[in-house]
Amino acid sequence: MRYSQYFLPTLKETPADAEVISHQLMLRSGMIRKVAAGIYSYLPFGLRSLRKMEQIIREEMDRAGAIECLMPMANPAELWQESGRWEKYGKELLRFKDRKSADFCMGPTHEEVITDIIRNTVSSYRQLPLNLYQIQTKFRDEIRPRFGLMRGREFVMKDAYSFDLDDDGADSSYAKMYQAYRNIFNRCGLNFRSVEADSGAIGGSFSHEFMVLAESGEDGIVSCNGCEYAANVEKAELIYGDIVTPTATLELQKVDTPEQKSIEEVAEFLQLSPQQLVKTLIVQTSDDEVLAVLLRGDHELNMIKLTNLLDVDWVLMAEEDVVKRVTGAPTGFAGPIGLKVRILADAEVQGMADFVVGGNAVDVHFSGANQGRDFEISQFADLRQAMAGDPCPRCDSGKFESWRGIEVGHIFKLGIKYSEAMNATVLDAQGKTQPLVMGCYGIGAGRTVAAAIEQNHDENGMILPMPLAPFQVLVTMLNPKDDQVREAAEKLYQQLLALNIETLLDDRDERPGIKFKDADLIGIPLRVTVGARNLKEGNVELKIRKSGVTSMFSLDEMTPQLQQLVAEGLAFELEK
RNA sequence: CGGGAUGUGGCGCAGCUUGGUAGCGCACUUGACUGGGGGUCAAGGGGCCGGAGGUUCAAAUCCUCUCAUCCCGACCA
């Protein structure tokens, strides 16, 4: 491709509304443009990366035995009513009516459509197992789209759905997808973790997330430094061992804590560490219960664990007026003593004595508080979020390390949730009707490209790994008016094209500085500079974008050199 | 959905407090020079100041409403 004839509108300055680096660089490098909040156009340069991502996914899905299909964006309401999600999915489901006033929605995921296809076409266990996938545009009307392609409303996703006769079959399908996913992200050159995750709204019995490690990630994950265990902090199990509650040694004492509300403030004010405080969170549930949850001062409540423990649809922090009604004080001073609601506590609290709690009155706390003596806890459970330093639940010696991650893939074992709701069954070998056991498997294609940029950039621009780079080689023709330079660059360009090396020839009539700045910004892995200075010696310069290392080759040596580097950059080994 | 902020040529911004002919840098067009890290000079083109309503002799500027975008939050009691 000739730059002079290409469409690659780069920006010198960072658009004001782009916050994260991948968003900034994708805009600046002419990969994408915003159309509306969370809705983007892919310009040609960005589309090339997206297509490469899709192709890697396609190859690995095919290798794992999945079969590609394509389902529509517009879904009729009936299917969604049948699964119950027309009501349940909430506002993220964008609904609309056709000209006949029939209800439709934009598909945010396609369990309903695929299950409908399968139930109408598959009736025998002999047609199983089956795994169908598509790479398709999804629409989810997110509460808060943000960070460019990272959380868009319209986005390209690969979604796969497996159908098996029984649990064992489904587990095997799941394991194949797990491995395919690891292969995909390895091939992209990403630093990622596959972690255990909560299956959340989609439902199902177990699930894994694939997390690209990056500071800007929206998720917290922990991984063991001694074994393979890794999990989303929402899910990460904690071990508590045998906890003995120490004997109280202090009297309960009221202390004035004027204007001190947060744990940090109170701890600072009383010259204690947050570990010596117990915080009391007032929550309300979908069952309309209000209850209190106690946690050690430096710990975080894990809403998902709490929701699962209580077996309710949701749990929220109580509204200000509810807190006032229950505790008799504004937020900031809640404590367990004298509370009339049910009190739960994180297991860690069981091992604490003589701690500080809120006093249920403005500017008042209690010190020397003790469970059993001063108040009763109805249940202890694992309710907190895992953090760095916590002991691993799977091995003896390991400790958690914590990371931020971008969720680029998520796989679920669904079980029979959808097949039952939608009556998708087959006959087994005994002629008995069985509901299909399903799994579903998603990858955000655009998000993965964005995550790759988050992980691979420097102050001058992005440095996409070879497998995702829009072009493999950039040939920079320094002065197109110099015949020798022009001819040399053209010759090199033609040689590379003949070898099917994806090459961008910067033949623009621009000054060198502009070309170099753009080259760094768009981050093509290999850059060849053809300039009069080196050409006098018959040489051209190679610069590796990632390392910045430059080296000189004769015109004839350059082509095989590039060929080898491209091949190395694309090489991959599959995990077994 | 709650809180905060911002909307002024393609991009980045100033002007708004204290109303009085819409500005700067980059980009763009033409010409000349220049040619290894966003170059120089000269001459140009482009803006219903997000939208609607109001106050006023006069509104980018003040008031009301509205739309859009971004950030934070929905957890630290």
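The values are calculated or read from the model by the stated rules, or taken from the named source; none is laboratory data. Not measured: the values here are computed from a predicted model. Cβ: placed from backbone, ideal geometry, glycine included. Neighbour counts: every protein chain shown. SASA here: full protein model, heavy atoms, side chains in, ligands and nucleic acids out. Shrake-Rupley method; radii C 1.70, N 1.55, O 1.52, S 1.80 Å.
Can we say A:Ala292 is surrounded by 16 or more Cβ atoms within 10 Å (Cβ to Cβ) and over 32 Å from the mean Cα position of the chain (by Cα)? Spell out the reasoning first.
On the way: surrounded by 16 or more Cβ atoms within 10 Å (Cβ to Cβ): yes; over 32 Å from the mean Cα position of the chain (by Cα): no.
No, not satisfied.
Answer yes if at least one residue in the range A:193-202 is out of contact with any strand residue (DSSP E or B) (no Cβ under 7 Å at 6 or more places or on another chain) and of a type outside the set (S, T, N, Q), and no otherwise. Talk me through it step by step, then tell me what you get.
Within the range A:193-202, the subset out of contact with any strand residue (DSSP E or B) (no Cβ under 7 Å at 6 or more places or on another chain) is A:200-201.
So of that shortlist, the ones also of a type outside the set (S, T, N, Q) come out as A:200-201.
Yes, the range A:193-202 contains a residue that is out of contact with any strand residue (DSSP E or B) (no Cβ under 7 Å at 6 or more places or on another chain) and of a type outside the set (S, T, N, Q).
Give the range A:136-188 a look and list any residue that's more than 16 Å from RNA strand B (Cβ to nearest atom), in a loop (DSSP other than H, G, I, E, B) and surrounded by fewer than 18 Cβ atoms within 10 Å (Cβ to Cβ), or say none. Step through it out loud before you land on a result.
Filtering the range A:136-188 down to residues more than 16 Å from RNA strand B (Cβ to nearest atom) leaves A:136-138, A:156-188.
Adding the requirement that they be in a loop (DSSP other than H, G, I, E, B) leaves A:165-166, A:188.
Hit for the range A:136-188 is A:Asp166, nothing else.
Can you pull out the residues in the range A:34-57 that are in contact with a Lys or Arg (Cβ under 6 Å, 6 or more places away or on another chain), small (Gly, Ala, Ser) and in a strand (DSSP E or B)?
Once the filter is applied, which keeps residues that are in contact with a Lys or Arg (Cβ under 6 Å, 6 or more places away or on another chain), small (Gly, Ala, Ser) and in a strand (DSSP E or B), the range A:34-57 yields only A:Ser41.
Residues A:Glu196, A:Glu228: which one is surrounded by fewer than 19 Cβ atoms within 10 Å (Cβ to Cβ) and in a strand (DSSP E or B)?
Values: A:Glu228 fails: in a strand (DSSP E or B).
The match here is A:Glu196.
Under the condition of being more than 35 Å from the chain's Cα centre (by Cα) and of a type outside the set (Val, Ile, Thr), which residue from the range A:335-350 is most open to solvent (accessible area, probe 1.4 Å)?
Quick first cut of the range A:335-350, residues more than 35 Å from the chain's Cα centre (by Cα) only: A:335-342.
Those still in the list that are of a type outside the set (Val, Ile, Thr) too: A:335-336, A:338-340, A:342.
On the way: A:Gly335: 0, A:Pro336: 2, A:Gly338: 59, A:Leu339: 25, A:Lys340: 187, A:Arg342: 92 Å².
The residue in question is A:Lys340.
Could you say which residue among A:Ser367, A:Ser378 is hydroxyl-bearing (Ser, Thr, Tyr) and surrounded by fewer than 17 Cβ atoms within 10 Å (Cβ to Cβ)? Before you say what the answer is, go through the steps one by one.
Details: A:Ser367 fails: surrounded by fewer than 17 Cβ atoms within 10 Å (Cβ to Cβ).
Only one candidate qualifies: A:Ser378.
What are the residues in the range A:544-561 that are of a type in the set (Gly, Ala, Ser) and open to solvent by 50 Å² or more (accessible area, probe 1.4 Å), if any? Spell out the reasoning first.
Here is the first cut: in the range A:544-561, the ones of a type in the set (Gly, Ala, Ser) are A:547-548, A:551, A:554.
If the condition is that a residue be of a type in the set (Gly, Ala, Ser) and open to solvent by 50 Å² or more (accessible area, probe 1.4 Å), then A:Ser547 is the only one that fits.
Results for (1) more than 16 Å from RNA strand B (Cβ to nearest atom); (2) open to solvent by 20 Å² or more (accessible area, probe 1.4 Å), shown as yes or no for each residue.
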| residue | (1), (2) |
| --- | --- |
| A:Asp458 | no, yes |
| A:Ala469 | yes, no |
| A:Gln472 | yes, no |
| A:Gln484 | no, yes |
| A:Ala488 | no, no |
| A:Thr503 | yes, no |
| A:Arg508 | no, yes |
| A:Gly513 | no, yes |
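When you scan the range A:520-543, do you find a residue that is open to solvent by 40 Å² or more (accessible area, probe 1.4 Å), more than 25 Å from A:Lys481 (Cβ to Cβ), within 13 Å of RNA strand B (Cβ to nearest atom) and not hydroxyl-bearing (Ser, Thr, Tyr), even just one?
The answer is no, given that none of the residues of the range A:520-543 is open to solvent by 40 Å² or more (accessible area, probe 1.4 Å), more than 25 Å from A:Lys481 (Cβ to Cβ), within 13 Å of RNA strand B (Cβ to nearest atom) and not hydroxyl-bearing (Ser, Thr, Tyr).
Give all pairs with beta carbons closer than 6 Å in which a residue from the range A:55-81 that is under 30 Å from A:Gln179 (Cα atoms) meets a residue that is charged (D, E, K, R) and part of a helix (DSSP H, G or I); count only pairs at least 6 apart in sequence or on separate chains.
A:Ile56/A:Arg187; A:Ala64/A:Lys176
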